[in-house]
Structure formats: C-alpha cells, structure tokens
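See below for the structure under consideration.
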Amino acid sequence: MSELWWMTLEAKTEEAATGLVSANVRQANRHLQSLAADREMEIPEGSVSVIVTPKRLAAPDAVAIAQPHLRLCELADVRRLANDATEAIREIRAAATNLEGPSAHSVIRQRLADHRVLPTAVRERIADRPVG
C-alpha cells in the first residue's frame, strides 16, 4: 500500500438493521472513481470505500458486484473512532501547550497513535470488513 491512500464513506445510518446491504453497493463502488475524476488523479493503491450501515451482511447479488476496495462498517465503529479522536485532541491540547516544531509534532503523533487515530489505524478500525 502506498503512503497516500483515500477513504470514502457512504453513510446509510438511518436504515433498519434488518435485511442485507444491496443497492448501496452499486453506488459506493463508484466513489473512488468519482473522486479520482474530480481531482484528475489516479486512485492511490490501498484506497477504500466504506459503507457505514447497521446491516451486518451483504446480499449475494451485492457481493457479486462489489469492487475489491469496498468495505462495510457499523455506525458504532465510527462513533468509537470519533470519541477516540476527540480524546486525543484533548490530550494534545493539554500536553502540547507552548510546544513548537519537532517537540509539538512528537506529542501530537504519540497521542494520535495512543488513541489509534492515525490513518493506518483508522483504516484497520473501520475498513477491515470487505463486502465480497
């Protein structure tokens, strides 16, 4: 995976938890292509599109058309991530007061790592369930 990668989110949080993910797959399949066209860039290796949904499984027809970059996650996973990011920011504000340059960068990086909100950890936390 390259150092630069993208993550798109398709939020379907108002759906009922019953049933299977289906129609959302066709739309989410195209998010990265749309982003690449908007930026006039190639899609970086390792990029993912995540459908945030209360549903745990995808319908067989959705699995059949799901692109390899497509993932599922639950809203609770995103909420935990947001709470951890908020806590990391609180700690950074407390610990990095009056720090500059490398000292500040070190504190920031460590707090983000401690709370698992660096980009690679975010990917592991909310993009680890392939649709297919």
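Some values worked out for this structure:
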quantity: Relative contact order (%) - criterion: Cα under 8 Å, at least six apart; region: the chain; calculated: 28
quantity: Distance histogram for the chain (every C-alpha pair counted, 5 angstrom bins, percent rounded to whole numbers); calculated: 2, 10, 17, 17, 16, 14, 11, 7, 4, 2, 0, 0
quantity: Estimated FRET transfer efficiency (ALA121, ALA64; beta-carbon r; R0 35 Å; 0.05); calculated: 0.65
quantity: Sequence-distant residues sharing a close amide H with ALA11 (under 5 Å, placed H); calculated: VAL52
quantity: Where labels lie 7 Å past Cα in the beta-carbon direction, separation of ASP128 and THR13 in nm; calculated: 2.1
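Values quoted throughout were computed directly from the atomic coordinates according to the rules given, and no laboratory measurement underlies them. What you see is a predicted model, and the numbers here were worked out from it, not measured in a lab. For neighbour counting, all protein chains shown are included, and Cβ atoms are generated from backbone atoms with ideal geometry for every residue, glycine included.
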